[in-house]
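One structure is given below, encoded as structure tokens.
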Amino acid sequence: MTGAHGRTLVRVEGLTKAFGATTALGGVDLTIHAGEVVAVVGHNGSGKSTLVKLLAGFHSPDGGTVDTRTSGGSPTELRFIHQDLGLVGSLSTVENLALGTNTVRPWRRLRRSDERREARELVRRLGVDADVDAPIEMLSPAERTIVAIARALRGWDELPEVVLVLDEPTAALHGAEVDQLMDVVRRVAEHGAGVLFISHRLDEVLDVADTIVALRNGRVVGNLLRSEADYARLVELVAGHAVEELDRRDTGRGTEVLRVRGLSGGAIRLFDASVHAGEIVGLAGILGSGRDDVCAAVFGAAHRTSGAVAVHGREVAAGDIRDSIRQGVAFVPGDRHRHGAVMTMTAVENLVSVLIPGATSPWHRVRRRSELREAARWFDACGVLPAQPEMELTQFSGGNQQKIVLAKWLRTQPQLLLLEEPTQGVDVGARAAIHRLIVDAAERGAAVLVASSETKELAQLCDRVLVLADGVVVEELSGSELTENRILHASVPA
Amino acid sequence: MSVASTAHHEQTDSVWRDLRQLLSFRNISAIYIWVAMVILFSVLAPETFPTLDTVRIVLTDQAVTAVLAIGLVIPLAAGAFDLSIGSQLGLGAILVAWLLRTQGLGLVPAIIGTLAIGACVGLANGLLVTKAKISSFITTLGMSSVLLALISWVSQDSQILNLGSGFQQIANRQILSIPMSVYIMVVLAICVWYILDNTYLGRAVYATGGNAEAARLAGIGTDRVIIVSLISCSLLATVAGIVLSSSLATGDPTVGPPYMLPAFAAAFLGSTQFRNGRFNILGTIVAVYVLATGVKGLQLIGAPVWIPELFNGVALLIAVAVTRRRSSRKRARSAETTSLTADQAA
Ligand SMILES: Nc1ncnc2c1ncn2[C@@H]1O[C@H](COP(=O)(O)OP(=O)(O)OP(=O)(O)O)[C@@H](O)[C@H]1O
Ligand SMILES: [Mg+2]
């Protein structure tokens, strides 16, 4: 749909927003037309989520206007998927989907079976077979994303003047699920709705967008049509310079660090693996394949039904997290909000929150100066902005929070590094830096197990990738076989 | 302009910003309110309010509330409620008198015995919350009722008098014409402040309160943190009870429960001060005395007797409303906060 756009649905002019000394947005202009997919790209903290929150009326702007009326004068309805999804954790999928649907007669008796059928239908249309009665907080991040999308899409085809705003909807999704979502986005646009799409996965952006807006430090630095853009150009716009992607050579492996035998639990039916020092092993698979359960089970954070895990030949008991940490195991969970960090504490407090049992006594006096010095080093290494370690974690942008959670565990100099979606929400520039840090850890002798929904990341980073389907390893790829395509191919069951 | 002087400029700028932030109304509103009240009551009751005696009375009267509130801050910081602090104070007050008079124990064994039983109550609370997984709200509500029954049983619902002058000295002995109870409170405040604010243990407490699951995955023994914080709270409530009995020279079975509300009001009001919404000791102590100043002033200008209750209740509601509003605004402002954490509150 290049060039000839439909009517204007949303017009943003000169939008400005500052948080204290940080200018999150500095005069942003943006227009969304009917039938148009506008992608917003930019580095972490460039103001993308702030733009979304201003559109949603979460924040009030310091300056500028948001006009949510069509050129014809009728109001445009905006539907959001926030980076934090905005679902009610204790309610089930059915209940979440039904929230706010029946505002006309709120006292009417609930028609449970109808609601359930509709919910299952909606979710299944997006290619997921989740338990629609389980509380949302029990679902994986990817499943929650699907529910949020389903909710935002509910009934859209009856409303022509709708704009769908998606803030990093794909951060937790796997290739096949991303494709589903992209299909939906395209269909929505074809139907005459507008879409505002935010993602750090630039391939997706190129795949789906009609117009691409690049932000840097709250300012628009590029506004291109799809035809004018290519990958390298986008990388430059986001990172400010060309980014050298990781080129990994086999460095040879050392002694065996992790040995897993007959592990089962969660979605895993049977998992065996052995990871050596200096080796980076990837875990691929679609939603529900068990990919998201391996790291937690190895760490001892999730229940194991059977199986044994040994680190350096020593058994790691399930449920004894302090013991795992003592043995040099680090675990970066995929669900940052729930498991990864204490959002109400400051960045530096989160950074130093892992105490190696035995090494630091809890009665030890906190040394603020040296903590801040250490925080400054890690902020620099991972590219966290703004460099204010004493700011509360909630006040950092999503990608920057993720960097802090990673730094928190890299700081412990682990022997075994368990990573779930390590670069979710992280911009291309910082992503390369984080990959570098992971490789450094491996070269220092750590064994690394990384579960990722991003096949590209796995192909770049790993020496070996285990592809899971239905709770078992169905394929092991390494060397020249280790390509994005092979991973994708193997993870989708025939 | 040279690079060095720009840097210098930036530094003074940021010092200035820090200072403004420190003195901003949002950060230390209680201090401003306190100053305003002192001025107001000094004008309205110039004879009685701005006197050294009033200062001494307020200081002494509130030592017990302050000790209780200090204790309460610990479980609140760890994300657990303790609604049984009032009854625990009552239990401490009656037990020490009972052990001294009825059982005829010596001073030191009686106090140690009382503290030990207080700690057991905290342990019971802690085990019920962490092992039986009953919410702290319900656990301590139930415990509170159990303790009231216990108090009534031990005391036969009557006061225990004649506790001996040695015991009375604990709270009433004066140094520089300030009674010991105030010194006890200050020492306890400093200890708890040090632990919460300056040790990794304190960090663990706040982390547990902020997100127990994330804290557990970072290797913090969250169950142990909750148990220990409830025990500490019980110990401090018991100390408050002992100090109260000592200063009254009587074991009174009815003294406990009325202390709970002021302690909660102070802890919540205190959390809006200094530390950006975090429960903290300094803020709590300030809040105790701000509330007490208000109550005292109202009494001195001849307000009716029900005014103190009203004042404390309204203060608690306002304090909580302010905290909630601030945190919800923070939620709105933040790049991303999960709505999932919102239902951890209970
Ligand atoms: N509540 C807040 N208080 C202070 N600063 C904030 C707050 N919310 C956002 N910011 C700041 O505003 C800037 C823009 O944040 P925003 O979340 O919009 O970034 P983003 O482009 O979405 O980044 P990401 O790709 O990491 O999600 C950041 O520097 C962030 O630290
Ligand atoms: Mg964002």
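Some notes on this structure:
- Filter result for A:TRP363 (among the aromatic types (Phe, Trp, Tyr), free of Cβ contacts under 8 Å to residues at least 24 places away in the same chain and more than 15 Å from ligand 1 (Cβ to nearest atom)): yes
- For the range A:1-32, a tally of residues being open to solvent by less than 40 Å² (accessible area, probe 1.4 Å) and away from ligand 1 (no atom under 16 Å from the Cβ) returns 6.
- When A:ALA209 is tested against (1) in contact with a Lys or Arg (Cβ under 8 Å, 6 or more places away or on another chain); (2) closer than 30 Å to A:THR22 by Cβ; (3) open to solvent by 10 Å² or more (accessible area, probe 1.4 Å), just one condition goes unmet, and that condition is (3).
- Answer residue from the range A:58-86, given it is within 11 Å of chain B (Cβ to nearest Cβ) and at pLDDT 85 or above and is farthest from ligand 2 (Cβ to nearest atom) among those: A:SER60
- Restricting the range A:249-268 to residues that are over 24 Å from the mean Cα position of the chain (by Cα) and in a loop (DSSP other than H, G, I, E, B), the residue that is surrounded by the most Cβ atoms within 10 Å (Cβ to Cβ): A:ARG253
- Search result, residues across the range B:179-223 that are open to solvent by 30 Å² or more (accessible area, probe 1.4 Å), over 21 Å from the mean Cα position of the chain (by Cα) and more than 8 Å from chain A (Cβ to nearest Cβ): B:ALA212, B:ASP223
- Condition met for A:PRO141 (open to solvent by less than 50 Å² (accessible area, probe 1.4 Å) and modelled with pLDDT of 80 or more): no
- Candidates in the range A:35-57 are the residues that are more than 9 Å from ligand 1 (Cβ to nearest atom) and in a loop (DSSP other than H, G, I, E, B); of these, the one that is nearest to the other protein chains (Cβ to nearest Cβ) is A:GLY57.
- A:PRO389 passes every criterion in (1) away from ligand 1 (no atom under 12 Å from the Cβ); (2) not in a loop (DSSP other than H, G, I, E, B) apart from (2).
- Among the residues of the range A:400-444, the one identified as under 18 Å from A:ALA172 (Cβ atoms), basic (Lys, Arg) and within 14 Å of another protein chain (Cβ to nearest Cβ) is A:LYS403.
- Taken over the range B:103-142, residues that are open to solvent by less than 70 Å² (accessible area, probe 1.4 Å), part of a loop (DSSP other than H, G, I, E, B) and free of Cβ contacts under 8 Å to residues at least 60 places away in the same chain amount to 4.
- Residue selected from the range A:301-345 under the condition part of a loop (DSSP other than H, G, I, E, B) and under 13 Å from B:ALA218 (Cβ atoms), by the criterion nearest to the other protein chains (Cβ to nearest Cβ): A:VAL342
- Among the residues of the range A:320-365, those that are among the β-branched types (Val, Ile, Thr) and at pLDDT 85 or above comprise A:ILE321, A:ILE325, A:VAL329, A:VAL332, A:VAL342, A:THR344, A:THR346, A:VAL348, A:VAL352, A:VAL354.
- Test result for A:ARG125, more than 21 Å from A:VAL428 (Cβ to Cβ), modelled with pLDDT under 85 and open to solvent by 10 Å² or more (accessible area, probe 1.4 Å): yes
- Filtering the range A:413-430 for residues that are part of a helix (DSSP H, G or I), over 16 Å from A:TRP378 (Cβ atoms) and within 14 Å of ligand 1 (Cβ to nearest atom) leaves a non-empty set.
- In the range A:153-160, the condition of being surrounded by 20 or more Cβ atoms within 10 Å (Cβ to Cβ), more than 16 Å from ligand 2 (Cβ to nearest atom) and at negative phi is met by at least one residue.
- Yes/no for B:SER232 being closer than 30 Å to B:PHE167 by Cα and open to solvent by less than 10 Å² (accessible area, probe 1.4 Å): no
- In the range A:193-214, the residues that are more than 16 Å from ligand 2 (Cβ to nearest atom) and assigned to a strand (DSSP E or B): A:GLY194, A:VAL195, A:THR211, A:ILE212
- When the range A:383-399 is limited to residues that are crowded, with 21+ Cβ neighbours inside 10 Å and away from chain B (no Cβ under 12 Å), the one that is farthest from ligand 2 (Cβ to nearest atom) turns out to be A:PRO389.
- The set of residues in the range A:274-287 that are open to solvent by 10 Å² or more (accessible area, probe 1.4 Å) and within 15 Å of A:ALA490 (Cα to Cα) comprises A:ILE286, A:LEU287.
- Among residues of the range A:385-406 that are closer than 15 Å to A:SER353 by Cβ, those with a beta-carbon under 6 Å from a residue that is near ligand 1 (Cβ under 8 Å from one of its atoms) at least six positions away or on a different chain give the pairs A:LEU393/A:GLN401.
- Screening the range B:143-161 for residues that are in a helix (DSSP H, G or I) and among the β-branched types (Val, Ile, Thr) and picking the one that is modelled with the lowest pLDDT gives B:VAL154.
- When the range A:401-430 is filtered for residues that are in contact with a Cys (Cβ under 7 Å, 6 or more places away or on another chain), farther than 21 Å from A:PHE197 by Cα and within 15 Å of ligand 2 (Cβ to nearest atom), only A:LYS403 remains.
- Condition check for A:GLU349: more than 9 Å from chain B (Cβ to nearest Cβ) and either more than 16 Å from ligand 1 (Cβ to nearest atom) or more than 16 Å from B:ASN211 (Cα to Cα) (or both): no
- In summary, A:VAL221 fulfils each of the numbered conditions (1) among the β-branched types (Val, Ile, Thr); (2) within 15 Å of ligand 1 (Cβ to nearest atom); (3) more than 21 Å from A:LEU385 (Cα to Cα); (4) not in a loop (DSSP other than H, G, I, E, B) with the single exception of condition (3).
- Any pair with Cβ under 7 angstrom, 6 or more apart, that starts in the range A:425-443 at a residue that is in contact (Cβ under 8 Å) with a residue 12 or more places away in the chain and ends at one that is away from ligand 1 (no atom under 13 Å from the Cβ) and of a type in the set (Asp, Glu): A:ALA432/A:GLU244; A:ALA432/A:GLU245; A:ALA442/A:GLU279
The values are calculated or read from the model by the stated rules, or taken from the named source; none is laboratory data. Predicted model only: the values in this text are computed from it and were never measured. Here Cβ is always computed from backbone atoms with ideal geometry, including for glycine, and neighbour counts include all displayed protein chains. Keep in mind that these areas ignore ligands, DNA and RNA; they rest on the heavy atoms of the full protein, side chains included. Shrake-Rupley method; radii C 1.70, N 1.55, O 1.52, S 1.80 Å.
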